[in-house]
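Beneath this line is the structure, given in structure tokens, with notes to follow.
The values are calculated or read from the model by the stated rules, or taken from the named source; none is laboratory data. Note that the structure is a prediction, hence the values are computed from the model and not measured. Note that each Cβ is placed from the backbone with ideal geometry, even for glycine, and that neighbours are counted across all protein chains shown. Accessible surface is based on the protein model in full, side chains and every heavy atom, while ligands, DNA and RNA are left aside. Shrake-Rupley method; radii C 1.70, N 1.55, O 1.52, S 1.80 Å.
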Amino acid sequence: MSEFFTVAILTATLTSGIRQAVPYLLAALGEAVSQRAGVLNLGVEGVMLIGAFSAYYATLETKSAAIGLLMGLLAGMFMGLIYAFITVVMHAEQGISGIGIYLFGLGFTDLLFQKQVGTPRPIQGLKTKPMNWLAEDTGRVGELLFSHTILTYVAFLLVPAVYWLVTRTTFGLNVRAVGENPHAADTLGVSVNGVRAAAIVFGNTMAGLAGAVLVLDIVQNFQQNLTAGRGFIAIALVYFGAWRPLRVMAGALLFGIVSSTVLTLQALDVISGSVTSIANMAPAVLTVIVLVVVSRRIGQPAALTKPFTRDA
Amino acid sequence: MKYPRVFNLLLALLGVFALAIAGCGNDDDDSSTTQTGTSFRVAVVAPSASNDLAFTQSIVDAVRKLEASNHIDEVSITDGTFVVEDAGAAIRGYAEEGYDLVVAHGSQYGGPLQEIAPDFPETSFIWGTAVDTFGLPNVYSYSVRSDLGGYVNGVVAAQLTESNIIGVIGPVEVGDAKLYVDGFEAGAQAQNPDVDVKIVYTGSFSDVAAAAEAAQSHISLGADVLTGSAQMVVGATGVAQENGVLWFGTQANQTPLGEDIVVASQVYRWEGILADAVDRVKAGELGGETFIMTFAGGGIDIQFNDNFDLPQEVRGSAQATIDGLIDGSITTGQ
Amino acid sequence: MQPPMLEMRNITKRFPGVVANEGVDLTVLPGQVHTLLGENGAGKSTLVKILYGLYQPDEGNISFDGSPINIDSPATAIGIGIGMIHQHFMLVDTLTVAENVALGLGKQLSLTNLKPIRQRIEEVSEEFGLRVNPDAYIWQMAVGERQRAEILKALYRNVRLLVLDEPTAVLTPPEVTDLFVTLKQLTADGRGLVFISHKLNEVMEISDEITVLRDGKVSGHTRPAECTRESLATLMVGRPVELTRTLEAQTPGTPKLEVHSLAVRGDRGKLAVEDVSLQVHAGEIVGIVGVSGNGQRELAEAIMGLREIESGEIAINSQQTSTPTPKQVRQMGLAYVPEERMKYGSIGDFTVAENLVLTDYNRPPYVRRGVLSLSAIEQRSKQLVDDYSIRTPNTQTLTRKLSGGNIQKVVLAREFSGDAEVLLVAQPTRGVDIGAAEYIHQQLLTQRKQGKAILLISEDLDEVMALSDRLVVMYEGAIMGQIPKQEATTEQIGLLMSGVS
């Protein structure tokens, strides 16, 4: 066990944890904004898969990770428009619509992958490390802070950006209002459906980005069900984070670091044999514990999952 | 009640889109040749695409070879049935059409097969990887000793590592993957007891990102050779390639995943046992036996990456190990 | 005479199966309070929702400042200077007053700069005496403050015509007085007001013009100087209505309902009723007054055995208990008219006959050897329908098809016709028309005359003042005072209701 506490291993584990936190963080930030506007999207996982496949396939075909990234974002945005149409325009029940989006994303990406690509073919991802020059002379702390890829920095910079969007802009005020009391917003001339649609598109674009990051930054390849449940954990993180960007980030980091710690402890043979499968459940168990602990749901938008109509 | 209508419409639209894309793709899998007379007809039902360079392609290649050598006369293939119910329907369909041998290539297909086989006593079924024939007279099963190839990979890997640290990435600690991992560890230890084989199970067959992070973790702990089993290893091969760390594959020739770093892969060759089964069916024995692939029958093969400059004596030791596993002078401990 | 600010002409609005407004005209002059008076469902809310752009009229036209306008959304209404204070406040609880005011202002991606908004709020509050802290969250505020925030929201937008939908329903008498001062100030500045109410005293006090609606149509137009409360009530109901209640002098008998040091927890686990003790004697009506949410509902539920008693006890007909159940208290001689007649008082999908025997169906003669005796039930329910003048096609009609007043009569008939000596009656006339209210009040007085002990819980202060021998004022779960009717004044009760003793 003491082996784990060497500075080198701790640094490597934390660095891995930060890297693993990024897809959770992006998807959860987007979902938090969508939920603040009163729309639950259980389809995050499916949108992540679609974003991931779009980014992968575009990169494979064009050899350009930048185009891949753009396609991941556009795919997320497109799914957002579809989900906005289903839930905001047609007032469909949000829980079941989200599950539909998830199943669609899972099946559709698998189908396209098999028909268009077949075998997993490696791609060159987007692994530019803009701060790496700082990491060289600053030792372990420098490695921890400056050795990451550009998408990691983008993800963490989006935390204050989303915080600012929600708390300091007119759009954010409208988002909070339509998530709490859409009728009040309506009587002040705010377009409830317009604000909700925009929040959904934003949330789905972030989910698409999260999928693209998995492909371009971590895996550099594609495989069926690549996201492996990260979209659902991201939704749990929104509750964990009480719909606030900073707390969502704390949750994402916690999950990333728990996952990387389990891997490191296995490699060090600290946990092995049958304990392994139990340790692998740690993120899932953590999710359940977290949801039980935060079940008070303080801060849940009052109009979450409720479609808006004037006659209600 | 607005929702289902809208969603169906959406699905239909996207379905059309998907079909359009599929139409322009390399759609070369479904084919059949018809012959008259008392031809021997084989059908294959498999979970992923025929060109997946992995599990499904290995069985498709095998029946194509039998067809080319006129061992069998007609082949039909249904691929992409990752939904078990769809596979069951396909298996029943082929049995009703009077195929002589129906291959259910997926251990998840045991359930439907157990229900279907008794309804078609004249048809022979073969499925794998599995060792269970359900006591039915018209069911064969097949399995593979993946620990054997794992052992050979381990022997080679132990000679290439400079740090004496080798990282292994498995999905879940069961079945084919566990067999491979254990064989690999035994081979590496036998070659060089000083080698530290670090094993990580990610807990998932599909979590590619977790496999990638496991590879990172191994590398940061000093590993300079990696191996792994199951479909999620594509995440790990990318990381290995990026860091210039060697890779050993299994289940299929994984050279395309990393031209510079893949040393060798354990490959399954189903044609031997399939030919065996076909001969028995022709002789009127429709089932009741389990075929297990080993080096001896040619069911397992180690394929080396020709682009990788492997020292001659190391390659020689691999062949010696295979010979020893065949004649029994070496055992994997399984 | 000034030209009208607003003219609505011949407005008609149909909903599936109902004509909510039919050929309604409304004219408002600057500086005027124009009251819309009518029963529930008469079409007042529909008319003002059309004015505010929430509904589109099927026929008719609107002109503002002399030019015709199509008000297709609240944004348009706000744009021309129309503001609305909704009956259910349109405030976002989790935002501050300033943020609520800022909603709907500014471009989507612009920064919300609350500083000038805060400043302006302070100026407006100063000018109109509307005390509100711009940084307080709505959920922290009392009802009266919330209403001031709502009015501020409209004033901030330079409203010229303000619609107030039942603004006094949730206020204590002193708050109503304050509100009226503010409203006078608004009209003095030349603003026009549309005031919706069904409380006749208030209407007489505040209005310049009165338009009365009945069944979606204008049934009369008048001014306070030209009408009386009685004539207004007649216009609302369509027939003469007796508005005064006479409480005949009689000496109360022995205590029938006794509550000792009762404490009860509310839905959120906090104490909703604290140390409440009171007695109701035979032949006496005791009225509990208070602003909604001050423990009245929890008190009634505890007495009825529907809510666990934390400490203390109750006694009905001298039989004590601290763990009552509904069955037990009914056997002790208590009958109950709950505040939500549709949710707790009756079963909408049952017939009138079934609802009338709901408390008796398990005893003879209505059931024999486990089988319902339909003829006995029919006989009984026919008699009750006659006795209580329940207007229903027949006893087999589904209860939910009746009007609110008639459903309430069904509940009353069932509860009052038994041999219970104690009656617990909550909000008996909420949402029923004046005609039905008159009947229900007469029934309560009849029961009093027959020597029943009645505990009346109501948020309608006029009702309690008119019917009760004694008034009990509740504030935050505690009794602020018990006052005999002859000593009670509206001012004094109002202060007690606001927690000032």
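Assuming R0 = 56 Å, what is the FRET efficiency of residue B:323 and residue A:305, from their Cβ-Cβ distance, to the nearest 0.05? FRET efficiency, residue B:323 to residue A:305: 0.25.
Could you check what % of the DSSP bridge pairs in chain B are antiparallel, to the nearest 5? Please list the in-between numbers first.
Values: 5 of 43 bridges.
Antiparallel bridges make up about 10 percent of those DSSP assigns within chain B.
GNM on chain A, C-alpha springs below 10 Å: top fluctuator among A:131, A:48, A:249? Result: A:131 has the largest fluctuation of those listed.
When Rg and the Kirkwood Rh are both derived from Cα coordinates, the Rg/Rh ratio for chain C amounts to 1.00. With unit charges on the beta carbon (Lys/Arg positive, Asp/Glu negative), name the residue among C:390, C:163, C:43 whose Cα is farthest towards the positive pole of the charge dipole of chain C. It is C:390. In the protein assembly as shown, Rg over Rh equals 1.10, where Rg is the alpha-carbon radius of gyration and Rh the Kirkwood radius from pairwise Cα distances.
A simple count of charges around residue A:188, restricted to other residues whose Cβ falls under 10 Å of its Cβ and scoring Lys, Arg +1 and Asp, Glu -1, yields +1.
What's the magnitude of the charge dipole for segment B:39-197 around its Cα centre, counting Lys and Arg as +1 and Asp and Glu as -1 at the beta-carbon? Answer in Debye, nearest 20. Kindly include the intermediate steps, with their values, before the conclusion.
On the way: 6 positive and 23 negative charges, 46 e Å.
In debye, rounded to 20, segment B:39-197 gives about 220.
What do you get for Rg/Rh over chain A if you use C-alpha atoms and the Kirkwood form of Rh?
Values: Rg = 19.8 Å, Rh = 20.0 Å.
When Rh is taken as the Kirkwood radius, the ratio is 0.99.
Counting Cβ atoms of other protein chains within 10 Å of each Cβ in A:105-117 and taking the mean gives 5.
Counting only DSSP beta bridges with both residues in segment C:6-237, what percent are antiparallel, rounded to the nearest 5?
Details: 21 of 40 bridges.
Beta bridges within segment C:6-237, antiparallel portion: roughly 50 percent.
Solvent-accessible surface (1.4 Å probe) assigned to residue A:115 amounts to roughly 70 Å². A cut-off under 10 angstrom between Cβ atoms defines the neighbours of residue C:293, and their net charge, with Lys, Arg +1 and Asp, Glu -1, is -2. Look at the alpha carbon pairs under 8 Å that are at least 6 residues apart: their mean separation over the length of segment C:6-237 gives a relative contact order of 30 percent. Under a model in which nothing but the beta-carbon of Lys, Arg (+1) and Asp, Glu (-1) is charged, chain A shows a dipole of about 440 debye around its Cα centre.
So for the protein assembly as shown: antiparallel DSSP bridges make up what percent, rounded to the nearest 5? Walk me through the numbers before you get to the answer.
On the way: 52 of 127 bridges.
Percent antiparallel among DSSP bridges in the protein assembly as shown is about 40.
Net charge within 12 Å of residue B:308 by Cβ-Cβ distance, Lys/Arg positive one each and Asp/Glu negative one each, not counting residue B:308 itself? Before the final figure, lay out the partial values.
Working: positive: B:315; negative: B:259, B:260, B:306, B:309.
Around residue B:308, the surrounding residues sum to -3.
Assign one of three labels to segment C:1-135, namely rounded, prolate or oblate, based on the Cα gyration tensor with a ≥ b ≥ c the square roots of its eigenvalues; rounded applies when a/c is under 1.5, prolate when it is not and a/b is larger than b/c, and oblate otherwise. Cα axes put segment C:1-135 in the prolate bin. In chain C, the longest principal axis of the Cα atoms and the axis of helix C:374-387 are about 60 degrees apart.
Per the accessible-area calculation with a 1.4 Å probe, the total area buried between chain A and chain B rounds to 4000 Å². When only alpha carbons are used to place a centre, segment A:166-182 and segment C:1-70 end up 32 Å from one another. Shielding of peptide C:75-82 by partners, expressed as the average count of other chain Cβ atoms within 10 Å per residue Cβ, is 2.
Please label the shape of segment A:142-272 as rounded, prolate or oblate, based on the square roots a ≥ b ≥ c of the eigenvalues of the alpha-carbon gyration tensor (a/c under 1.5 means rounded; beyond that, a/b larger than b/c means prolate, else oblate).
Numbers: a/c = 2.28, a/b = 2.19, b/c = 1.04.
Cα axes put segment A:142-272 in the prolate bin.
Of C:300, A:43, B:77, which is farthest along the charge dipole of the protein assembly as shown in the positive direction, counting Lys and Arg as +1 and Asp and Glu as -1 at C-beta? Looking along the dipole axis, the top candidate is C:300. Of the residues B:196, C:267, B:309, ranked by 1.4 Å probe accessible area with the largest first, the sequence reads B:309, C:267, B:196. The C-alpha atoms of chain B define a longest principal axis, and helix B:146-160 lies at about 30 degrees to it. With a 10 Å cut-off around each Cβ of B:212-225, the average count of Cβ atoms from other chains is 6.
Normalised by the number of residues in chain B, the average gap of Cα pairs under 8 Å and 6 or more apart makes the relative contact order 16 percent.
When the solvent-accessible surface of protein heavy atoms is calculated with a 1.4 angstrom probe, in what order do A:291, C:114 fall, highest first? Don't jump to the answer; show the numbers that get you there.
Details: A:291 70, C:114 35 Å².
If we order A:291, C:114 from most to least accessible, we get A:291, C:114.
Computed over the alpha carbons of segment C:6-237, Rg followed by Dmax gives 17.7, 56 Å.
Cβ neighbours within 10 Å, averaged per peptide: list C:332-343, B:65-76, C:281-292 in order, most packed at the top.
Answer by packing, highest mean first, reads C:281-292, C:332-343, B:65-76.
Specify whether the C-alpha gyration tensor of segment A:189-259 places it in the rounded, prolate or oblate class, a ≥ b ≥ c being the square roots of the eigenvalues: rounded for a/c under 1.5, otherwise prolate if a/b is larger than b/c and oblate if not. Since a/c reaches 1.5 but b/c is at least a/b, the shape of segment A:189-259 is classed as oblate. Placing unit charges on the Cβ atoms only, positive for Lys and Arg and negative for Asp and Glu, gives chain C a dipole magnitude near 1200 debye about its Cα centre.
Think of the protein assembly as shown as a dipole: +1 on every Lys or Arg Cβ, -1 on every Asp or Glu Cβ, centred on the Cα centre; then among B:246, B:129, A:158, A:158 lies furthest on the positive end.
Grab the beta carbon distance between residue A:157 and residue C:139, set R0 = 45 Å, and tell me the FRET efficiency rounded to 0.05. Please list the in-between numbers first.
On the way: r = 33 Å, r/R0 = 0.73.
For R0 = 45 Å, the calculated efficiency reads 0.85.
Kirkwood hydrodynamic radius, computed over distinct alpha-carbon pairs, for chain B: how many Å, to one decimal? Intermediate results must be reported in sequence, preceding the final value.
Working: mean 1/r = 0.0470 Å⁻¹.
Final number for the Kirkwood radius of chain B is 21.3 Å.
How many angstrom lie between the C-alpha centres of segment C:130-149 and segment C:456-499? If we compute the Cα centre of each part, the gap is 26 Å. Tell me, what is the FRET efficiency for residue C:311 and residue A:134 to the nearest 0.05, using R0 = 60 angstrom and their Cβ-Cβ distance as r? It comes to 0.35.
Note on segment C:361-395 and segment C:263-286: Cα centroid distance 34 Å, given to the nearest whole angstrom.
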